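**Q** Please see the structure below; I have some questions.
The values are calculated or read from the model by the stated rules, or taken from the named source; none is laboratory data. If you're wondering where the values come from, they're calculated on a predicted model, not measured in any experiment. Note: ideal-geometry Cβ built from the backbone for every residue, glycine included; neighbour counts use all protein chains shown.
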Amino acid sequence: MIGFFDSGLGGLTVLRRVRALLPHHDAVFLADQKHVPYGDRDDADLHRLLSANIAWLDAQGCDVVAMACNTSCAVAQSLGWPTSRALVLDLIESAAIAVSDAGFERVGVLATSATVRSGAYTTTLGRHAPHVRVHEVAAPALVPLVEAGLLDSPEARAAVAAACAELPTDIDAVILACTHFPYLDAHFAASLGPSVARIDPAYEQAGRTAAVVASRGVQPGNGTLRTETTGDDRTALDRAVRELLGE
Ligand code: DGL
């Protein structure tokens, strides 16, 4: 079984790419909506939540955890990965591999405040693609808009435009380094224009997940999907699963 977690709905943008490649594998997704947004929390708090989420996925019997939260990966780089019986795939590592493979040279990173504060993207990109110039920008306004379902709203369009305006003008690509951001991709496309590529690390994460499943001999199941939230109300999660995954 493949496990996923995020602070909320964002991680479904990773889940959908993995399910596109591995439709017959069982999957479990935890949305920690009691604690969303993660991006405004301090490192100790984030590390405690990361450890609890990994322990929960372990208890469900996951063989592989495809990380679906950049902020949690960022804090793991600073404070360490919790132990797990599953193989845990770092999403920031996947983003860096995607940038390196595509050969971009001037890259913007749009992420949560906690991810930007950690510098994890600059460090990881420096390892995989040392020649790349990186500029990180925090965009804390976007996650609450996605959680509230305000995707096609003037507020979302304006918030995306404001975040993009903080990027240098000569970049060739932008990493959507928070899994909530692909929900707003149309606004990013409009703000950035056709000359700036948008990188969603979920594609590379899905490719790496499929490779690990094959190399470890993880057997497919019935293709079941179980979703759980720590929040009081699962209406938004159910709607997002229906709309994004058609399940
Ligand atoms: N979607 C998460 C990420 O990729 C966390 C967003 C948040 O809760 O602030 O970083």
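**Q** Every residue in the stretch 211-247 that is farther than 18 Å from Gly10 by Cβ and β-branched (Val, Ile, Thr), please.
**A** Val212, Val213, Val218, Thr224
**Q** Looking at (1) in contact with a helix residue (DSSP H, G or I) (Cβ under 9 Å, 6 or more places away or on another chain); (2) in contact (Cβ under 8 Å) with a residue 60 or more places away in the chain, can you tell me which one Gly126 breaks?
**A** (2)
**Q** Please determine, by comparing only the residues of the stretch 77-102 that are outside any helix (DSSP H, G or I) and closer than 16 Å to Tyr203 by Cα, which one is farthest from the ligand (Cβ to nearest atom). First the steps, then the outcome.
**A** Kept after step one, since they are outside any helix (DSSP H, G or I), are these residues of the stretch 77-102: 80-90.
With closer than 16 Å to Tyr203 by Cα added as a condition, the list becomes 89-90.
Numbers: Leu89: 14, Asp90: 12 Å.
Checked the stretch 77-102; the qualifying residue farthest from the ligand (Cβ to nearest atom) is Leu89.
**Q** Still on this structure, please answer the following. Considering only the stretch 20-47, state which residues are more than 11 Å from the ligand (Cβ to nearest atom), within 24 Å of Leu142 (Cβ to Cβ) and surrounded by 14 or more Cβ atoms within 10 Å (Cβ to Cβ).
**A** Correct list: Phe29, Leu30, Asp43, Asp45, His47.
**Q** Return yes or no: is Thr13 under 16 Å from Pro82 (Cβ atoms) and part of a helix (DSSP H, G or I)? Even if it seems obvious, please write down each step before you answer.
**A** Working: under 16 Å from Pro82 (Cβ atoms): no; part of a helix (DSSP H, G or I): yes.
So Thr13 does not fit the description; no.
So that you can scan it fast, the table gives a plain yes or no per residue for (1) at pLDDT 95 or above; (2) touching an Asp or Glu at 6+ places or on another chain (Cβ under 6 Å); (3) buried (at least 21 other Cβ atoms within 10 Å of the Cβ):
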site: Leu150; (1), (2), (3): yes, no, no
site: Leu176; (1), (2), (3): yes, yes, yes
site: Ala202; (1), (2), (3): yes, no, yes
site: Val212; (1), (2), (3): yes, no, no
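**Q** Do any helices (runs of 4 or more DSSP H) lying entirely in the stretch 127-192 carry at least 1 residues that are more than 23 Å from Pro37 (Cα to Cα) and touching a strand residue (DSSP E or B) at 6+ places or on another chain (Cβ under 8 Å), and which ones are they?
**A** Working: elements: 142-147, 154-165, 185-192.
Because the criterion is at least 1 residues that are more than 23 Å from Pro37 (Cα to Cα) and touching a strand residue (DSSP E or B) at 6+ places or on another chain (Cβ under 8 Å), the helices (runs of 4 or more DSSP H) in the stretch 127-192 that meet it are 185-192.
**Q** In the list Leu176, Leu225, Leu237, which residue meets the criterion of being within 16 Å of the ligand (Cβ to nearest atom), among the aliphatic types (A, V, I, L, M) and over 21 Å from Arg106 (Cβ atoms)?
**A** Working: Leu176 fails: over 21 Å from Arg106 (Cβ atoms); Leu225 fails: within 16 Å of the ligand (Cβ to nearest atom).
Just a single option satisfies the conditions, and that option is Leu237.
**Q** Do any residues in the stretch 179-194 that are at pLDDT 95 or above have Cβ atoms under 7 Å from those of residues that are part of a loop (DSSP other than H, G, I, E, B) and away from the ligand (no atom under 14 Å from the Cβ), where the two are at least six apart or on different chains, and which pairs are they?
**A** Tyr183/Leu151; Leu184/Leu151
**Q** Could I ask something else about it? Considering only the stretch 55-76, how many residues are touching a residue at least 12 places away in the same chain (Cβ under 8 Å), farther than 16 Å from Gln205 by Cβ and either of a type in the set (Gly, Ala, Ser) or assigned to a helix (DSSP H, G or I) (or both)?
**A** 5
Residue by residue, here is whether (1) within 16 Å of Ala189 (Cα to Cα); (2) within 16 Å of the ligand (Cβ to nearest atom); (3) not hydrophobic (A, V, I, L, M, F, W, C) holds:
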residue: Val107; (1), (2), (3): yes, no, no
residue: Val116; (1), (2), (3): no, yes, no
residue: Gly126; (1), (2), (3): no, no, yes
residue: Pro130; (1), (2), (3): no, no, yes
residue: Val137; (1), (2), (3): no, yes, no
residue: Leu150; (1), (2), (3): no, yes, no
residue: Ala158; (1), (2), (3): yes, no, no
residue: Asp172; (1), (2), (3): yes, no, yes
